[in-house]
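The next block holds one structure in the form of structure tokens; read it before the comments.
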Amino acid sequence: MKLSPVIKKCIYPAGLALLALLVFAYIFDPKIDSNGDNCHYYILASSLAAGNGYTDMLGNPSALFPPGYPLLMVPLRIVTDSIVAQKVLNLLFLFASVLLLFSILLAEGLKPALAFIAGAAVLVTPHLLEFSTMMMSEASCIFFITLSLWAFLHLPAGNRVEWRSPWLLLFLFATIYTFYIRTQAIAFVAAFVVALLLSQRWRLGLALSGTFVAALLPWVLRNAFWGLEQSRYVNQVDFSQVLKIVHMLLAQVIPDSIIPFFRVRYDYMPSPLLYVIAFAMLLLIIYGFCCLKRVRLPLILLFVGNVALVSIMDSPSYYRYMIIVMPFLTAALLVGLWSVCDALCRKVSKKAFSPWFLLMLFAPTLFFYNDDSNHTVWGLHRFAVADNPVAVNAFLAIGEAAAQKGSGCIVASRKPELLFVSKGVRGVRYKEGVTNVQIVSDLLVDNVDYIILENFGFRYTHEVLYPCLKEHPLFFEALSYTSAPVNVLFRFNKERARQWLSELECEK
């Protein structure tokens, strides 16, 4: 039976929607993640939703992250305080990104079947799913990157610019907003500016550059007014590890992240086979980009720029900072692989190579068992249905004890943002002073009332903080504790601490 054009047009997006529904439901994790960043985003969005400005849990103006992602969280946060709802929103951003990517690949002349398979591959990429099921900014950043590329394809080719075109406004807004979501997206903005200038599209390149500077100015002036850092990442710039990080990104992160057949151990040198695989994948990715038409230059420059940017940071965090380019690397790999296979088939058998054969590449992602919980879709499901680690549950339990001391108290801990979101406990992170005097002085400056001695296994807690608390029982009083592992809640007697510091000063 011959399908109508309307059904043909809708069948692939419907297939992507069905796959997304099945995968998202399978790997969805309703638990709040124990990393601090997702809690910070929620706190900032809550402050905006309450009309308190862009402030932290103590009401202080914050510049920890740009405001783009918290602003996207605000409408939903006004309606509900549900963390699950914010996680669902993130998955919707990922799905919308895949639909836009599918449309972009079609506009670039790819077969619908190949564009569908590329979109499906993105939907089952484990590391991408891992970050999309958290309250993290990667999924929304990917959405605005694909929205920018999609709007760009609707602009007239050449140096002609329709200044009143809604597509131009959408392109400028989406491109610039990526930076307001993640500072790392400066690589995308720069990639597009350079691509436009190299293509001799001077007007559009200058329009993007000028609009970006104008749009950035309010954020810069606001931070300057409050005396805040313009970007915390400036302090992380380090050129001493550039070659090592580039090697890690190309030889380990790419094979580990895109259709992962192998378990990559980042603490070991890659095997000769892994080098061959990584090099072959890199060539196919570059070739896949080159098979595109209008967006190939921005995407190639985005890939190169992102690797260069991550390589000068002192905390590359393995694959984390490659997440925003991962969908495009995955799609490019499949496009490049299909193009090579199709050319070989046409030369040998005079027949075209069916894109559906590429579905075999999904098997490792979907079915292969791996000890790493974030390496396969199955592993993500296992992590989602499991309880929190014992150390996290113990920390939350001692946080419950701190919450009973009153909402006006300030509690110092390793993860104050996690306690605030989960238990409503306002707090600060202890500053890890080296000497007892530094530790006590910092606690006084932060006006701390209670201290949680956690048991996450950090060396500082056991080797520096615990001895300090043990040596000064007069102003560190143990109130309650958990067992297996032990977490202890201490009351901090600020008056006695000030007296002790005064006595030390007099002795000098």
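The values are calculated or read from the model by the stated rules, or taken from the named source; none is laboratory data. The structure displayed is predicted, hence computed values, not measured ones. Virtual Cβ from ideal backbone geometry, glycine too; neighbours counted across all protein chains shown. Heavy atoms of the whole protein, side chains included, go into the accessibility calculation; ligands, DNA and RNA do not. Shrake-Rupley method; radii C 1.70, N 1.55, O 1.52, S 1.80 Å.
Brief remarks follow.
- Relative to one another, the C-alpha centroids of the stretch 115-178 and the stretch 251-300 are positioned 22 Å apart.
- Helix axis angle, 186-198 relative to the chain longest principal axis, alpha carbon, degrees: 30
- Cross-linked pairs 9/351; 111/293; 111/351: Cα-Cα separations exceed 22 Å for 9/351.
- In loop segments of the stretch 1-84 as defined by DSSP, there are no chymotrypsin sites (Phe, Trp or Tyr not before Pro) with at most 14 further C-beta atoms inside 10 Å of their C-beta.
- The stretch 127-232 shape via C-alpha gyration tensor axes, a/c threshold 1.5: oblate
- Counting only residues at least eight positions apart within a chain, or on another chain, the aspartates and glutamates with an alpha carbon under 15 Å from that of residue 87 are 29, 33, 37, 130, 138.
- Of (i) 141, 101, 39; (ii) 84, 50, 49; (iii) 89, 51, 47, the label for Cα extents along the principal axes in Å derived from the coordinates: (iii)
- The residue 206 and residue 503 beta-carbon pair, evaluated with R₀ = 51 Å, returns a calculated FRET efficiency of approximately 0.20.
- Solvent-accessible area of residue 360, all protein chains in place: 140 Å² (probe radius 1.4 Å, heavy atoms, ligands and nucleic acids excluded).
- The packing ranking of peptides 275-281, 185-191, highest mean first, is 185-191, 275-281, where packing means the average number of other beta carbon atoms within 10 angstrom of each residue.
- Rounded tilt (10° steps) of 436-445 against the dominant C-alpha axis of the chain: 80
- Helix axis angle, 494-507 relative to the chain longest principal axis, alpha carbon, degrees: 70
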